[in-house]
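**Q** My structure is below; once you've seen it, I'll send some questions.
The values are calculated or read from the model by the stated rules, or taken from the named source; none is laboratory data. A quick note: this is a predicted structure, and the numbers were derived from the prediction, not measured. Glycine also receives a Cβ, built like all others from the backbone with ideal geometry; neighbour counts cover every protein chain displayed. Just the protein is used for accessible areas: all its heavy atoms, side chains included, with ligands, DNA and RNA removed. Shrake-Rupley method; radii C 1.70, N 1.55, O 1.52, S 1.80 Å.
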Amino acid sequence: MSEERFGEFVLVRRHAEGHVAELALDRPKAMNAVSTAMAQSLSAACAALGEDRDVRVVVLTSTHERAFCVGADLKERNSFSDADLLRQRPVARGAYTAVLELPVPTVAAVHGFALGGGFELALSCDVIVADRTAVVGLPEVSVGVIPGGGGTQLLPRRVGAARAAELVFTARRVAAGEARELGLVDQLVEQGRDREEALELASRMAANSPVGLRAAKRALRLGHGLDLRAGLEVEDAAWRSVAFSGDRAEGVAAFNEKRAPRWPGE
């Protein structure tokens, strides 16, 4: 397993022959609160991972034992002038967008607190695996703002408009069991198993065609919310992008020869 650090607070580990990248939030003294520096590092790490053709799946994890991420760094923001806050906005927004726009499948491994921007980072992933210690929520209105890392748009896409409204307007925290029932997380695992289970899930995904994975994610993301006819056009365009690829030829050959495919990734 290799490691690469982006700034002081973000660590990238490579698993499964480099095909699974673990994007670890590593600011334990602040329970991974997202500061300006951490946001910049997240954006840089995501840019590098998105361009790396060896990476097939990204798993977003935390090195803190009791928290995934508690959201924006409110201590830092307490020192900001209005002008400072305005200048920071594109930097902070860029970090959430960078996770959301990763071109490969993404899995969040959540334990402990995932609140505000922390939960928004998880919501930016395709699948959320949580252990039984997880507590999630979007409490921004309780401190005079609103979810600004995609929460007002990503949450209703998961749980529907009315449920999202109730959760955002009450600012309440939701424990793991209820979070699974409501669809706020996708898989609920035993305490301390979120990272291992997420990496295992990512390894199963990464065994598949890298060309197919990227195209499937593109179709899922771009087609969401469109009417059926438009969505099927998005799917057709994604299909055409892979139909004549080396991966498609290898996949068909491997199936017929009853062997594991050796993906060329092109």
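**Q** Looking only at residues that are charged (D, E, K, R) and either over 19 Å from ALA109 (Cα atoms) or open to solvent by 50 Å² or more (accessible area, probe 1.4 Å) (or both) in the range 17-31, which one is modelled with the lowest pLDDT?
**A** Checking each candidate, the answer is GLU17.
**Q** Select from the range 32-46 the residues that are open to solvent by 10 Å² or more (accessible area, probe 1.4 Å) and either free of Cβ contacts under 8 Å to residues at least 40 places away in the same chain or touching a Ser or Thr at 6+ places or on another chain (Cβ under 9 Å) (or both) and list them in ascending order.
**A** Scanning the range 32-46 gives ALA37, SER41, SER43, ALA44.
**Q** Starting from residues that are over 28 Å from GLU17 (Cβ atoms) and touching a strand residue (DSSP E or B) at 6+ places or on another chain (Cβ under 7 Å), keep the ones in the range 183-216 and report whichever is most open to solvent (accessible area, probe 1.4 Å).
**A** Looking at the filtered set, the residue picked out is GLN191.
**Q** Whether any residue in the range 236-254 is buried (at least 17 other Cβ atoms within 10 Å of the Cβ) and closer than 26 Å to LEU123 by Cα is what I want to check.
**A** Yes, because at least one residue in the range 236-254 is buried (at least 17 other Cβ atoms within 10 Å of the Cβ) and closer than 26 Å to LEU123 by Cα.
**Q** Please go through the range 217-226 and pick out each residue that is free of Cβ contacts under 8 Å to residues at least 60 places away in the same chain and open to solvent by less than 100 Å² (accessible area, probe 1.4 Å).
**A** Hits for the range 217-226 are ALA219, ARG221, GLY223, LEU226.
Residue-wise test of (1) in contact with a strand residue (DSSP E or B) (Cβ under 6 Å, 6 or more places away or on another chain); (2) over 23 Å from SER203 (Cβ atoms).
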| site | (1), (2) |
| --- | --- |
| SER43 | no, yes |
| ALA48 | no, no |
| THR61 | yes, no |
| LYS75 | no, yes |
| VAL91 | no, yes |
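**Q** Scan the range 133-180 for residues that are of a type in the set (Asp, Glu) and surrounded by fewer than 19 Cβ atoms within 10 Å (Cβ to Cβ) and jot them down.
**A** GLU166, GLU178
**Q** Can you tell me which residue is surrounded by the most Cβ atoms within 10 Å (Cβ to Cβ) among those in the range 55-67 that are over 23 Å from ALA92 (Cα atoms) and free of Cβ contacts under 8 Å to residues at least 60 places away in the same chain?
**A** VAL55
**Q** Continuing with this model, one more query. Has the range 100-123 got at least one residue that is open to solvent by 50 Å² or more (accessible area, probe 1.4 Å) and either without any contact (Cβ under 8 Å) to a residue 40 or more places away in the chain or closer than 25 Å to LEU222 by Cβ (or both)?
**A** Within the range 100-123 (the criterion being open to solvent by 50 Å² or more (accessible area, probe 1.4 Å) and either without any contact (Cβ under 8 Å) to a residue 40 or more places away in the chain or closer than 25 Å to LEU222 by Cβ (or both)), the answer is yes, since at least one residue qualifies.
**Q** Another question, then. Taking the conditions exactly as written (open to solvent by 40 Å² or more (accessible area, probe 1.4 Å), in a strand (DSSP E or B), touching a Leu at 6+ places or on another chain (Cβ under 6 Å) and without any contact (Cβ under 8 Å) to a residue 60 or more places away in the chain), does ARG14 satisfy them or not?
**A** No, not satisfied.
**Q** Give the residue that is farthest from ALA206 (Cα to Cα), with candidates limited to residues of the range 255-266 that are open to solvent by 70 Å² or more (accessible area, probe 1.4 Å) and in a loop (DSSP other than H, G, I, E, B).
**A** Filtering the range 255-266 for residues that are open to solvent by 70 Å² or more (accessible area, probe 1.4 Å) and in a loop (DSSP other than H, G, I, E, B), the one farthest from ALA206 (Cα to Cα) comes out as LYS258.
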